[in-house]
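The values are calculated or read from the model by the stated rules, or taken from the named source; none is laboratory data. In this text the structure is predicted, and so the values were computed from the model without any measurement. Glycine also receives a Cβ, built like all others from the backbone with ideal geometry; neighbour counts cover every protein chain displayed.
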Amino acid sequence: MLEFSGAGTALSTGGLEEASRAVGLGLAEVWAVISVETSGCGYLPDRRPKILFERHIFHHLTDGRFDNRDPDISQPTAGGYGAGGAHQYDRLAAAMRFDSIAALQSASWGMGQIMGENFKAAGFEEVGDMAEAMVASEDDQLLAATKFMLANSMSEPLRNHDWAGFARRYNGPDYAAHDYNGRLHAAYQRYVDGGLPDLRIRAAQIYLGYRGFPKDARALAVDGVMGPSTAAALREFQQSVGAEPTGIVDDALIAQLLA
């Protein structure tokens with residue numbers, strides 16, 4: 001049985017550059033896809049990869065055998081998602097009780113929200129291998145997304161800033177209903193004009209969430225920007241471990257967060 005909560009390692013400079021080289025894209029284009037697909041982070045605060053369970057994919061992969069037994073997780077039409085986050089794992093678990101392989105293939109995973117049924121295009125022999133990589137690190141998540149893009153000829157429209165062309169391939173024919181192309185363009189322009197996320201600050205934001213900071217249960221934005229909320233959460237954490245509350249992110253702080 002797969003353990004879905006693992007290391008959950010944040011994106012590294014090496015991982016980002018490897019993915020960018022593999023797909024032949026600039027960093028701003030890569031970040032645009034990341035921010036639109038997963039709101040900037042590949043993990044939940046409990047270190048499980050972000051997923052979205054698709055009941056219509058499960059229906060298709062299992063020939064509708066479980067539609068009447070559990071309509072929440074098997075239906076011929078998309079939708080019925082309910083709450084995000086942990087609830088999607090409840091739905092995945094329910095589906096796995098019927099057919100574990102089809103269930104894993106029916107969820108979209110990680111930073112790129114790659115459907116499990118596309119495991120081969122993402123570079124894996126089995127869907128279970130893909131799920132394990134999603135659990136391990138954001139570097140693995142992003143590399144899988146870039147392999148999927150390459151396998152499906154998606155890098156060229158993204159490289160040419162054909163946002164609609166990329167969104168059509170990546171998100172399907174209904175992309176315009178969710179303004180994927182507009183959101184991609186806006187995210188790209190934001191990174192071009194305002195600069196790229198600081199990966200060390202971004203890692204600190206993710207690891208603070210794992211450690212339960214800030215304690216007032218507000219979720220920090222994982223954007224790689226040192227804003228007031230991030231600085232306050234850092235100081236709160238430093239005080240909790242008896243360190244000087246500087247609010248500064250350095251290697252020592254990252255090590256403390258991971259301890």
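Quick one: is PHE58 assigned by TED's automatic domain parsing to the domain that holds ARG183, assigned to a loop (DSSP other than H, G, I, E, B) and aromatic (Phe, Trp, Tyr)? Taking the combined requirement at face value, the residue does not satisfy it.
The set of residues in segment 61-89 being exposed (fewer than 14 other Cβ atoms within 10 Å of the Cβ) and either in contact with a strand residue (DSSP E or B) (Cβ under 8 Å, 6 or more places away or on another chain) or not in a loop (DSSP other than H, G, I, E, B) (or both) consists of GLY84, ALA86, HIS87. For beta carbons closer than 6 Å, sequence separation of 6+ or different chains, a first residue in segment 141-167 that is free of Cβ contacts under 8 Å to residues at least 12 places away in the same chain and a second that is assigned to a helix (DSSP H, G or I) and surrounded by fewer than 22 Cβ atoms within 10 Å (Cβ to Cβ), the qualifying pairs are GLY165/PRO157. Restricting attention to segment 91-98, does a residue exist that is under 17 Å from the mean Cα position of the chain (by Cα), under 18 Å from GLY128 (Cβ atoms) and either aromatic (Phe, Trp, Tyr) or crowded, with 21+ Cβ neighbours inside 10 Å (or both)? So far as segment 91-98 goes, yes, one or more of its residues are under 17 Å from the mean Cα position of the chain (by Cα), under 18 Å from GLY128 (Cβ atoms) and either aromatic (Phe, Trp, Tyr) or crowded, with 21+ Cβ neighbours inside 10 Å (or both).
Here GLN113 qualifies as polar (S, T, N, Q), at positive phi and in the same structural domain as ARG168 (by TED's automatic domain parsing).
Scan segment 172-180 and tell me whether some residue there is closer than 21 Å to GLY26 by Cα, free of Cβ contacts under 8 Å to residues at least 24 places away in the same chain and assigned by TED's automatic domain parsing to the domain that holds ALA28. No, there is no match, as no residue in segment 172-180 is closer than 21 Å to GLY26 by Cα, free of Cβ contacts under 8 Å to residues at least 24 places away in the same chain and assigned by TED's automatic domain parsing to the domain that holds ALA28.
Residue pairs whose Cβ atoms lie under 7 Å apart, separated by 6 or more positions or on different chains, with the first residue in segment 18-45 and surrounded by 18 or more Cβ atoms within 10 Å (Cβ to Cβ) and the second assigned to a loop (DSSP other than H, G, I, E, B) and acidic (Asp, Glu), are GLY40/ASP223.
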